[in-house]
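Structure record follows, encoded as structure tokens.
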Amino acid sequence: METTMKAYAILGLLVLSNFAGDVSALSVTVNDVECVYEYVLYEGDTVSGNFVVVDHDIFWSSDHPGIDFIVSSPGGNVVQTMKGTSGEKFEFKAPQSGMYKFCFHNPYSTPETVSFYIHVGHIPNEHDLAKDEHLDPVNVKIAELREALESVTAEQKYLKARDARHRHTNESTHKRVIFYTIAEYILLAVASGLQVVYIRRLFSKSVAYNRV
Amino acid sequence: MATKLAWRAVIVFIWWCIITTTTQAIWLDLPDSGTKCVSEDIHNNVVVLADYSVINNQEDSHLHPAATISVKVTSPYGNNLHHKENTTHGQFAFTTTESGNYLACFWVDGNHRPGDRLTVSLDWRVGIAAKDWESVAKKEKIEGVEFELTKLEGAVEAIHENLIYLKNREAEMRQVSEKTNARVAWFSIMSLGVCIGASALQVWYLKRFFHKKKLI
């Protein structure tokens with residue numbers, strides 16, 4: 001009897017501990033379309049995550065209009081769409097279990113690096129509790145706590161990716177300030193040198209007494 | 001009898017957990033030619049654990065052998081951490097010694113039919129997610145609610161460390177911004193000085209020139 005209960009407790013805990021689908025914040029380079037797939041175990045799971053376009057060349061053109069993000073369910077329906085954005089958080093309740101497709105579309109030819117994070121979280125509800133009477137209600141609270149901590153971790157990954165993007169912008173601004181200022185000085189020197197040379201030519205012997 | 005059934009259920013479930021744990025990874029589509037790379041910016045002294053395998057979802061997979069891929073993992077300074085050719089699955093683990101962008105690249109080997117969509121399942125765990133909780137449970141002999149709470153405590157510590165890291169990064173970036181700001185101000189004033197200096201030089205030179213030409 002004792003061992004039966006122990007077995008069920010371990011079973012319940014195994015069920016609980018397997019409820020989080022997670023991937024570390026990976027970066028992928030998007031040339032045209034890049035798709036990432038993630039498996040959702042249960043219908044009704046909350047899929048949350050974020051993505052940030054990390055580096056972008058803004059040297060000669062105006063700021064890149066951003067990339068499009070499309071999430072498709074295993075049935076082929078589009079669950080979420082975000083157009084023309086440089087970084088967003090997303091969250092939705094999975095309408096069905098299965099393989100979800102997360103696609104990034106780059107409308108321009110310059111490749112962009114996108115850093116993304118996807119998390120699938122499940123909290124056992126009353127239905128799961130009713131199915132297995134040895135599942136302690138405290139496990140539900142623990143699952144909720146774990147999901148709350150996961151949301152903090154997700155926010156941190158988002159902040160880290162945005163910090164990386166700002167760092168890129170800052171370093172590019174820093175380099176450009178120096179480069180453009182030195183170029184400006186050289187151009188100024190060259191322009192005044194050319195002015196002097198021209199005036200000298202105007203007053204040269206062969207031309208002067210006839211024109212000036 | 002009930003005990004036996006219960007333990008059998010546990011074993012079946014453990015087996016299911018192992019199967020589904022492999023689907024907690026992300027899937028990537030590999031192009032027919034060229035490489036597909038994923039990267040992550042990781043800081044120093046962090047454990048990285050990764051597992052990759054080729055997903056064979058063709059109907060005639062029993063007729064044709066599975067296509068093979070090659071993998072290469074490099075550190076930010078270019079050191080090769082893991083390199084494997086002609087493989088359908090594998091795993092690698094390392095502790096980071098440099099802070100920077102770690103790159104894992106996959107490409108398809110030449111011996112496969114063109115037109116096939118090759119999918120790789122990658123389970124990439126960094127830091128706290130790579131921690132082996134089973135061995136911790138065995139060593140400390142904890143189980144049940146206490147075990148779950150220990151995992152949560154680990155997660156909270158990881159959050160704390162990440163926060164400190166973000167704070168330091170933000171402080172570095174603020175320094176760069178303020179340096180840029182100061183430089184913009186200085187260089188603009190200096191460009192005014194350069195302008196005035198150039199025009200003064202011009203005037204002096206032309207005066208000397210006209211004196212020499214006896215025009216003034």
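Taking the condition more than 10 Å from chain A (Cβ to nearest Cβ), part of a helix (DSSP H, G or I) and under 24 Å from the mean Cα position of the chain (by Cα), does B:Ile189 pass? Outline the logic, then answer.
Numbers: more than 10 Å from chain A (Cβ to nearest Cβ): yes; part of a helix (DSSP H, G or I): yes; under 24 Å from the mean Cα position of the chain (by Cα): no.
For B:Ile189, the condition - more than 10 Å from chain A (Cβ to nearest Cβ), part of a helix (DSSP H, G or I) and under 24 Å from the mean Cα position of the chain (by Cα) - is not met.
When you look at B:Asn168, is it part of a helix (DSSP H, G or I), open to solvent by 40 Å² or more (accessible area, probe 1.4 Å) and within 10 Å of chain A (Cβ to nearest Cβ), yes or no?
Numbers: part of a helix (DSSP H, G or I): yes; open to solvent by 40 Å² or more (accessible area, probe 1.4 Å): yes; within 10 Å of chain A (Cβ to nearest Cβ): no.
No.
Filter region A:55-76 for residues that are modelled with pLDDT of 85 or more and more than 15 Å from A:Glu43 (Cα to Cα); which is farthest from the chain's Cα centre (by Cα)? Give the derivation first.
The first filter runs over region A:55-76 and keeps only residues modelled with pLDDT of 85 or more, leaving A:67-76.
Then keep just the ones that are more than 15 Å from A:Glu43 (Cα to Cα); that gives A:67-71, A:76.
Numbers: A:Ile67: 10, A:Asp68: 12, A:Phe69: 10, A:Ile70: 13, A:Val71: 14, A:Gly76: 24 Å.
Here the answer is A:Gly76.
Pick out the one residue from A:Thr153, A:Thr173, A:Thr169 that is at pLDDT 90 or above and either β-branched (Val, Ile, Thr) or in contact with a Pro (Cβ under 6 Å, 6 or more places away or on another chain) (or both). Steps first, please.
Values: A:Thr173 fails: at pLDDT 90 or above; A:Thr169 fails: at pLDDT 90 or above.
A:Thr153 is the lone residue from the list that is at pLDDT 90 or above and either β-branched (Val, Ile, Thr) or in contact with a Pro (Cβ under 6 Å, 6 or more places away or on another chain) (or both).
If B:Gln175 satisfies all but one of (1) within 30 Å of A:Asp136 (Cβ to Cβ); (2) surrounded by fewer than 14 Cβ atoms within 10 Å (Cβ to Cβ), what's the number of the condition it fails?
(1)
Is it fair to say B:Ala155 is small (Gly, Ala, Ser), at the interface with chain A (Cβ under 10 Å from one of its Cβ atoms) and within 30 Å of A:Ala148 (Cβ to Cβ)? Lay out the reasoning, then the answer.
Working: small (Gly, Ala, Ser): yes; at the interface with chain A (Cβ under 10 Å from one of its Cβ atoms): yes; within 30 Å of A:Ala148 (Cβ to Cβ): yes.
The answer is yes for B:Ala155.
Of (1) at the interface with another protein chain (Cβ under 10 Å from one of its Cβ atoms); (2) free of Cβ contacts under 8 Å to residues at least 24 places away in the same chain; (3) part of a helix (DSSP H, G or I); (4) under 25 Å from A:Lys141 (Cα atoms), B:Glu146 satisfies all except one. Which?
Exception for B:Glu146: condition (1).
Name the pairs: first residue in region A:65-81 and open to solvent by 40 Å² or more (accessible area, probe 1.4 Å), second residue assigned to a loop (DSSP other than H, G, I, E, B) and among the aliphatic types (A, V, I, L, M), Cβ to Cβ under 9 Å, at least 6 apart or on different chains?
Hits for this filter: A:Val79/A:Ala94.
Counting only residues that are among the hydrophobic types (A, V, I, L, M, F, W, C) and closer than 30 Å to B:Ile69 by Cα, which one in region B:117-148 is modelled with the lowest pLDDT?
B:Leu118
Quick one: count up the residues across region A:126-149 that are surrounded by fewer than 19 Cβ atoms within 10 Å (Cβ to Cβ) and in a helix (DSSP H, G or I).
First, the residues of region A:126-149 that are surrounded by fewer than 19 Cβ atoms within 10 Å (Cβ to Cβ): A:126-127, A:129-134, A:136-138, A:140-141, A:144-145, A:147-149.
This time we only want the ones that are in a helix (DSSP H, G or I), so: A:126-127, A:129-131, A:137-138, A:140-141, A:144-145, A:147-149.
Total satisfying the criteria: 14.
Taking the conditions exactly as written (over 29 Å from B:Ala155 (Cβ atoms), assigned to a helix (DSSP H, G or I), in contact (Cβ under 8 Å) with a residue 12 or more places away in the chain and of a type outside the set (Asp, Glu)), does A:His174 satisfy them or not? If you could, list the steps in order and put the result at the bottom.
Numbers: over 29 Å from B:Ala155 (Cβ atoms): yes; assigned to a helix (DSSP H, G or I): yes; in contact (Cβ under 8 Å) with a residue 12 or more places away in the chain: no; of a type outside the set (Asp, Glu): yes.
No: the conditions fail for A:His174.
Hey, among A:Thr113, A:Thr173, which residue is out of contact with any Asp or Glu (no Cβ under 8 Å at 6 or more places or on another chain) and among the polar types (S, T, N, Q)?
On the way: A:Thr113 fails: out of contact with any Asp or Glu (no Cβ under 8 Å at 6 or more places or on another chain).
On inspection, the qualifying residue turns out to be A:Thr173.
Can you confirm whether A:Tyr100 is crowded, with 16+ Cβ neighbours inside 10 Å, under 14 Å from the mean Cα position of the chain (by Cα) and aromatic (Phe, Trp, Tyr)? Walk me through how you get there before you give the answer.
Numbers: crowded, with 16+ Cβ neighbours inside 10 Å: yes; under 14 Å from the mean Cα position of the chain (by Cα): no; aromatic (Phe, Trp, Tyr): yes.
So A:Tyr100 fails the test.
Residues that are over 30 Å from B:Glu148 (Cα atoms), assigned to a helix (DSSP H, G or I), among the hydroxyl-bearing types (Ser, Thr, Tyr) and modelled with pLDDT of 90 or more: does region A:192-210 have at least one?
Looking only at region A:192-210, we keep the residues that are over 30 Å from B:Glu148 (Cα atoms), and these are A:192-210.
When the remaining residues are screened for being assigned to a helix (DSSP H, G or I), the result is A:192-202, A:205-210.
Remaining after also requiring among the hydroxyl-bearing types (Ser, Thr, Tyr): A:192, A:198, A:206, A:209.
Still in the list and also modelled with pLDDT of 90 or more: A:192, A:198.
Yes, region A:192-210 has at least one match.
The values are calculated or read from the model by the stated rules, or taken from the named source; none is laboratory data. Everything quoted here is computed from the prediction, not taken from an experiment. In this analysis, Cβ positions are derived from the backbone assuming ideal geometry, glycine residues included, and neighbour counts consider all displayed protein chains. In case anyone asks, the SASA skips ligands and DNA or RNA and just uses the protein heavy atoms, side chains included. Shrake-Rupley method; radii C 1.70, N 1.55, O 1.52, S 1.80 Å.
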